[in-house]
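Note sheet for the following structure.
Taken together, the values in this text are just the output of simple stated rules run on the coordinates, not laboratory data. From a predicted model like this one, the values you see are computed outputs, not experimental measurements. As a convention, Cβ positions derive from the backbone with ideal geometry for all residues, glycine included, and neighbour counts pool all protein chains shown.
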Amino acid sequence: MNLTLKVWKQKNTNEKGRFETYHVKDISSEMSFLEMFDVLNEQLIAEGKEPVAFDHDCREGICGMCSMVINGRAHGKWEQTTTCQLHMRAFKDGETIVVEPWRASAFPVIKDLVVDRQSFDRIIQAGGYVSVNTGNAVDANAIPIEKHMADEAFASAACIGCGACVAACPNASAMLFLSAKVSHLAMLPQGSPERKERVMNMVNQMDKEGFGSCTNIGACEAECPKGISIENIARLNREYLGAMFDGGSKNAI
Amino acid sequence: MALNSKIPAGSLEDKWEKYKSTCKLVNPANKRQLEVIVIGTGLAGASAAASLGELGYKVKTFCFQDSPRRAHSIAAQGGINAAKNYQNDGDSTYRLFYDTVKGGDYRAREANVYRLASVSANIIDQCVAQGVPFAREYGGLLSNRSFGGTQVQRTFYAAGQTGQQLLIGAYQALERQVALGNVTQYSRHEMLDIVMIDGKARGVIVRNLVTGELERHFGHAVLLCSGGYGNVFYLSTNAMGSNVTAAWKAHKKGAFFGNPCYTQIHPTCIPVSGDHQSKLTLMSESLRNDGRIWVPKKQGDNRKPNEIPEEERDYYLERRYPAFGNLVPRDVASRAAKERCDAGYGVGASKQAVYLDYASAIQRYGKIEVSKQGIANADAATITKLGKEVVKEKYGNLFDMYAKITGENPYEVPMRIYPAVHYTMGGVWVDYELQTTIPGLYALGEANFSDHGANRLGASALMQGLADGYFVIPYTLGNNLADDIRTKSIPTDHPAFVAAENEVRERINKLMNIKGTESVESFHKRLGKIMWDKCGMARNEKGLKEAIEEIKALRKEFWSNVRIPGEVNEYNPELDKANRVADFLELGELMCLDALNRNESCGGHFREEYQTEDGEAERRDDEYMYVAAWEYKGDSNFVMHKEELNYEVVHPTQRSYK
């Protein structure tokens, strides 16, 4: 199939960006969306032009590196699918596809479609862990955990940290990302001792990074490639309120 | 230079215990003065950096991705082995050790493997303590599954995302140390050289991939945790960015490279669909637990799989290897698939595929569910429906992935699979302490050569990465740094840093100034084709000799005709890739040389000249029971050193899974 691409080009963080139009030919429906971009870039290099920069690594939907807003939707139109797993079967011959980077002030554009997501690392640094040094552990089966709780915790832990939730949210809120981590650890006994200061500190850090607030729109859940449920945000709110009223935030920074 | 593997004296069971009790220690105040550089933040790097940070060392981590959490350990699907014997099915440290040595076709170092097996149980404890959500049974305790090459159930898992969950656990431990100020992390940075001062590794030159600037970083020690080099084949299950650069730079500075030809071809990957293919996707080996592998009994059978009756199917693994069946080790399964396809029994459009069929597992699970739920006289549709639900719970994410990539529904139609490059057992040579032949330079995880011999068993890569990072390096590094406590931080204006940086800059400028006509990608593809055709699943003398010449020619062409767009001092992914491909073009030659030298077949290294009558690998223990450790002496000039392997406990035999 032949396609027209309108792709965001931006030299670096400080310069203004713009849409550039490209045409690609003979795209196979078997290709992944990123393989179509490989074709585009090879073509641009052959023409002596600059290729489009985009983030990608594992190309099997798990590393969380790829990040494109495709026709207005984070990771494109397939449900629960990362850009790298979106295949060209999803498009028709002659179609025009608009491709943009994640847009959020907490994710500054580095170049073209590449954004800086270190704010996510800093949110985890604020408390997204269990404080257990290597060597401190008891026997794994000494901590039995109800199967359905373990499964729920796993479902939250499945977040790949790609940032699609932020890109999809009109407020550029990071609540789904943050709530997935808070939930994962709050649902397990291992995470329990630190749950109060964890939630306070992580929320504080999210605000500091310049992410917006949650107004229950639900676009995050709809666009999440891993199906992280918005129930996590409800759980986050409960955890946060609980921590506030309990004075348990006294260890919070 | 004679290789000293520094294996401690004493019986196999006592070596590590004795080492830990007698190794030198560094007191906490001194640890704060000692700086450690960690290259790569996968399971090995993140676990090492976190553990060393906890101990009080000043650590710096570097990764080329935008966050440490992206490292390719994240993509490991099936599980992690540990000798917990929770299933009471006869597992033990010894048995895990034995299976690993046997699985590696008797080309691994006994002492290392035993240590790996003995710390395996601690890994599971540590990960659970961190909150890694492993799969559990209804009683609340951990669940296990089977994996290839073993007859016990010792694999712990988190659906098909075990690597992700383990890496997130290690990443979180790492971020905690970053928050505490013990670790400084540098993302989008790539190591481009080791800095040597007085014969020791004392730092690195890295490139900030966002600005293109070169940076100098000092360390009392440098840890390479940079993964494997499967991408030398272009198409592999590795991430697009996975590369050999850090290891190769170390090699060129004096670190020997061990067994470069040992590459693992994974039997269950989604087949290539066309020339556009940029990478291959693995379907977890755990699928072989329940799936059955077959091809039609008739050559060139073009019927749809569901139209081929049971008696016209050849379940060739079950036929050839009744004891292990579909659970034979990876090298055996891969070769068997290639054999069938080469003989004309392959399926799908390309005929380079075999079927992995879940129909009988769906029926089996369906019947169990029916009886669990007390449904009397269940009809076939109910059994199938319930069976599919069980399969979905166990393997749902893998099935979804298959459906997205191929557009076919694996619950209804057997999956098509074919072997693909997956893991490299070879790597930087290390001694028992994980130190390379360069003092102060260590290699952990897939980057080293040490524990898997000529073939790695499934679910053992995660185990090794975390064993090295959490439980080995914290001891062995201290033992060596204890002698370094008087060494002050060396300022990075030291001439050795200046010289190393200049060397890197010159090479980058040289690359940029070629201004040829062919893209980096195109050269990489051409290299991959040579490697796959001539140094892939089956190798022979003629092909390897040709490959060496072809690679040399291709390298020459690369250095005279590559086209890299953009500038040096900006975000330039094409330049990053060129740096990596330039190194693959040198490594490829060494791999072929090593494969040519090894006149035997063992594990993942299959030389067509050396096979038994029924097509199994023929080892030649009398001549080749050694690690080939290659020293770099200059362009195309490598000298081999041998580390003899002495089996004191296990008696090598012809590996049999029949």
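Counting DSSP beta bridges in the protein assembly as shown, what percent are antiparallel, to the nearest 5?
On the way: 60 of 85 bridges.
Roughly 70 percent of the beta bridges in the protein assembly as shown run antiparallel, per DSSP.
Within a 10 angstrom radius of each residue's Cβ in A:26-39, how many Cβ atoms of other chains show up on average? Whole number is fine. List each step's numbers first, then the result.
On the way: counts 1, 1, 4, 2, 7, 5, 8, 0, 3, 6, 1, 1, 5, 2.
Shielding by partners across A:26-39 averages 3.
In 10 Å bins starting at zero, report the fraction of Cα pairs in the stretch B:270-421 per bin as a rounded %.
In order of increasing distance, the bins hold 11, 39, 36, 12, 2, 0 percent.
Please report the spacing between the Cα centers of the stretch B:437-475 and the stretch B:621-644 in Å, no decimals.
So the separation of the two Cα centres works out to 20 Å.
Which pairs break 31 Å Cα to Cα here: B:LYS388/B:LYS577; A:LYS16/B:LYS60; A:LYS25/B:LYS297; B:LYS252/B:LYS529? Walk me through the intermediate numbers first.
On the way: B:LYS388/B:LYS577 43 Å; A:LYS16/B:LYS60 34 Å; A:LYS25/B:LYS297 41 Å; B:LYS252/B:LYS529 25 Å.
Table pairs above 31 Å Cα-Cα are B:LYS388/B:LYS577; A:LYS16/B:LYS60; A:LYS25/B:LYS297.
Among the DSSP beta bridges whose two residues both lie in chain A, what percent are antiparallel, rounded to the nearest 5? Show your work: numbers first, answer last.
Working: 14 of 19 bridges.
Once the DSSP bridges in chain A are tallied, antiparallel ones form about 75 percent.
About its Cα centre, how strong a charge dipole does the stretch B:472-628 have in debye, to the nearest 20, once Lys and Arg get +1 and Asp and Glu get -1 at the Cβ? Walk me through the numbers on the way to the answer.
Details: 23 positive and 32 negative charges, 137 e Å.
Approximately 660 debye in magnitude.
Based on the Kirkwood radius over alpha-carbon pairs, what is the Stokes-Einstein translational diffusion coefficient of the protein assembly as shown at 4 °C with 1.567 mPa s viscosity, in µm²/s? Intermediate values should be presented prior to the final figure.
Values: Rh = 27.9 Å.
My calculation gives 47 µm²/s for D.
If packing is taken as the mean number of other Cβ atoms within 10 Å per residue, what is the order of A:141-153, B:426-438, highest first? Write down the numbers at each step before the final one.
Working: A:141-153: 16.5, B:426-438: 25.2.
Highest to lowest by the protection proxy: B:426-438, A:141-153.
Hey, what number do you get for chain B at 222 nm if only DSSP H runs of n ≥ 4 count, each worth -39500 (n - 2.57), divided across all residues, to the nearest 500? The partial results should precede the final answer.
Details: 19 runs with 248 residues, N = 658.
Roughly -12000 deg cm²/dmol at 222 nm, from the helical runs in chain B.
Using the Kirkwood radius built from alpha carbon pairs, what does the Stokes-Einstein equation give as D for the stretch B:113-157 at 4 °C and 1.567 mPa s, in µm² per second?
Values: Rh = 11.7 Å.
It diffuses with D of about 111 µm²/s by this estimate.
Per-residue mean of other chain beta-carbon atoms within 10 angstrom of the beta-carbon, peptide B:400-406? Please report the intermediate quantities before stating the final value.
On the way: counts 4, 5, 0, 0, 13, 6, 2.
That works out to 4 on average.
Subtracting the Cα-Cα distance from 0.36 nm times the residue separation, let me have the gained length for B:GLU613 to B:GLU389 in nm, one decimal. Walk me through the numbers on the way to the answer.
Numbers: separation 224, 0.36 × 224 = 80.64 nm, distance 4.39 nm.
So the extension gain works out to 76.2 nm.
Kirkwood-based Rg over Rh for the stretch B:493-625 (C-alpha set), two decimals? Let's see the in-between values first.
Details: Rg = 19.0 Å, Rh = 16.9 Å.
Rounded to two decimals, Rg/Rh equals 1.12.
Of the beta bridges DSSP finds with both residues in chain B, what % are antiparallel, to the nearest 5? Provide the component values of the computation, followed by the final result.
Details: 46 of 66 bridges.
Around 70 percent antiparallel, to the nearest 5.
With charges only on Cβ, +1 for K and R and -1 for D and E, what is the dipole size of chain A about its Cα centre, in debye, rounded to 20?
Charge dipole of chain A: 640 debye, to the nearest 20.
Given only helices, namely DSSP H runs of n ≥ 4 each adding -39500 (n - 2.57), what is the per-residue ellipticity at 222 nm of chain A, to the nearest 500 deg cm²/dmol?
Numbers: 8 runs with 85 residues, N = 253.
For chain A, the value works out to -10000 deg cm²/dmol.
How long is the stretch B:195-306 along each principal axis, judged by its Cα atoms, biggest number first, in Å?
67, 32, 24
Taking the Cα centre of the protein assembly as shown as origin, work out the dipole magnitude from +1 charges on Lys and Arg Cβ and -1 charges on Asp and Glu Cβ, in debye rounded to 20. Walk me through the numbers on the way to the answer.
Values: 107 positive and 114 negative charges, 191 e Å.
So the dipole magnitude of the protein assembly as shown works out to roughly 920 debye.
Return the equivalent ellipsoid semi-axes of the stretch B:251-324 as a descending list in whole Å, where each equals the square root of 5 times an eigenvalue of the C-alpha gyration tensor.
Values: eigenvalues 242, 68, 28 Å².
Equivalent ellipsoid of the stretch B:251-324: 35, 18, 12 Å, largest first.
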